[in-house]
1. Could you please tell me the mean projected area of the C-alpha convex hull for region 11-89, averaged over all directions and given in square nanometres to one decimal?
2. Could you tell me, in Å, what Rg and Dmax come out for the Cα atoms of region 152-247?
3. Can you give the translational diffusion coefficient of region 67-172 in µm²/s, computed by Stokes-Einstein from the Kirkwood radius over Cα pairs at 25 °C and 0.890 mPa s?
4. Please list, in order along region 247-258, the HN-Hα scalar couplings obtained from phi with the Karplus expression 6.51 cos²θ - 1.76 cosθ + 1.60 (θ = phi - 60°), rounded to whole Hz, x for Gly and Pro.
5. Translational D (Stokes-Einstein, µm²/s) of region 191-311 at 4 °C and 1.567 mPa s when Rh comes from the Kirkwood sum over C-alpha pairs?
6. Through the Karplus equation 6.51 cos²θ - 1.76 cosθ + 1.60, θ set to phi - 60°, convert the phi angles of region 9-18 into ³J(HN,Hα) values in whole Hz; use x for Gly and Pro.
7. Output the Cα-based Rg and Dmax of region 1-136 in Å, rounding Rg to one decimal and Dmax to a whole number.
8. To the nearest 500 deg cm²/dmol, what mean residue ellipticity at 222 nm is calculated for the chain from DSSP H runs of n ≥ 4 alone, each contributing -39,500 (n - 2.57), summed and divided by the residues?
Amino acid sequence: MTISTSTEIAGVRFKNPFIMASGTFGFGKEYARFYDLSLLGGISSKGLTLHPKAGNKGNRVYETAAGMMNSVGLENPGVEAFLDGELDRMTSWDTAILLNLGGGSVEDYREAAERIEADRLARIRDNRRGADMIELNISCPNVKEGGIAFGIDTGEARKVVRAVRAVTRMPLAVKLSPGAKDIAEMAAMCEGEGADAVSLVNTFTAMKIDIRKRKSVFANGYAGLSGPAIKPIALRLVHQAAKAVKIPVIGMGGISSAEDAVEFIMAGAHAVQVGTYNFVNLRAGAELERDLRAFMEAEGISSLDEIRGIV
Ligand SMILES: Cc1cc2nc3c(=O)[nH]c(=O)nc-3n(C[C@H](O)[C@H](O)[C@H](O)COP(=O)(O)O)c2cc1C
């Protein structure tokens, strides 16, 4: 039996459904020491912002039962530095590259997207490969509106999606927050505003208290929870989003095995992302595709289309 694990989203081909999740894979180079990154379906870059960001002070990560919490604060070199440097290394691997974009105001998002579009056009002119897709992270706090994340309220999120869609023709996936008031409504809004895909979920807002110091472990008070602990809830959210839209859904949250990925695909996902598991298994990306093939062979599945959304 010939088995194909490939999938297509907004005209971008992914040789397999495994994309390494933003913030857990840097810009790839640290993992390139462990395996050939061309084995991957894709890589989502560390979250980029218009200007460089130093990130948060204090503890940035904390291990929890069946997961981890992080409060990295989007430390990154800025979108310009990325386009002028890391992106060329990333496109040297034969894998799809998602440019994950964050921002603290609608204006920041728009300006960053304009630079990304200018870079896209310049690369087409010079016949140089560029990023394949923007992954728009709307979980960032709206600094101007008192720090409430854009991704909670559909009206706030709409402003960001509309502003970015207006200035770029690059395939656009919007990354949803599990804190969204109504995930189906949020996904449908993205589709209505011209997004090519939605990806979900980002981390869940969570807390850890150091009882001897009598204060939060994190300088910002709260942090984002990820890993196996969130998987059942993430799966439910992906299922709800997939039922609400026709555009492809990229599912994530706690995926740590090929079987986990199959669950997300059966819930309706076209592709999946793997985040926290990269810290447990540095060769995760290489092993998951192999295990998925073995599962498909054992179950007599020749293509992911046969099982996508069957639940
Ligand atoms: C240390 C760390 C940093 C992250 N940074 C980002 C980021 O910059 N942008 C983003 O959209 N998501 C970021 N995320 C969220 C992940 O991409 C992913 O949505 C989340 O961790 C759920 O997947 P997982 O359970 O497989 O880790 C980060 C997650 C972790 C653990």
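The values are calculated or read from the model by the stated rules, or taken from the named source; none is laboratory data. Please read these numbers as outputs of a predicted model, since none were measured by experiment. Methodologically, a virtual Cβ is constructed for each residue, glycine included, from the backbone with ideal geometry; neighbour enumeration extends over all protein chains shown. SASA here: full protein model, heavy atoms, side chains in, ligands and nucleic acids out. Shrake-Rupley method; radii C 1.70, N 1.55, O 1.52, S 1.80 Å.
1. That works out to 6.9 nm², a quarter of the Cα hull's surface.
2. 15.9, 52
3. Estimated diffusion coefficient is 167 µm²/s.
4. 5, x, 10, 9, x, 7, x, x, 5, 9, 7, 4
5. Value of D from the Cα-based Kirkwood radius: 82 µm²/s.
6. After applying 6.51 cos²θ - 1.76 cosθ + 1.60, I find 9, 6, x, 9, 8, 10, 5, 8, x, 8 Hz.
7. Just the Cα atoms of region 1-136 yield Rg and Dmax of 15.9, 53 Å.
8. Taking each H run of at least 4 residues, the total per residue is -9500 deg cm²/dmol.
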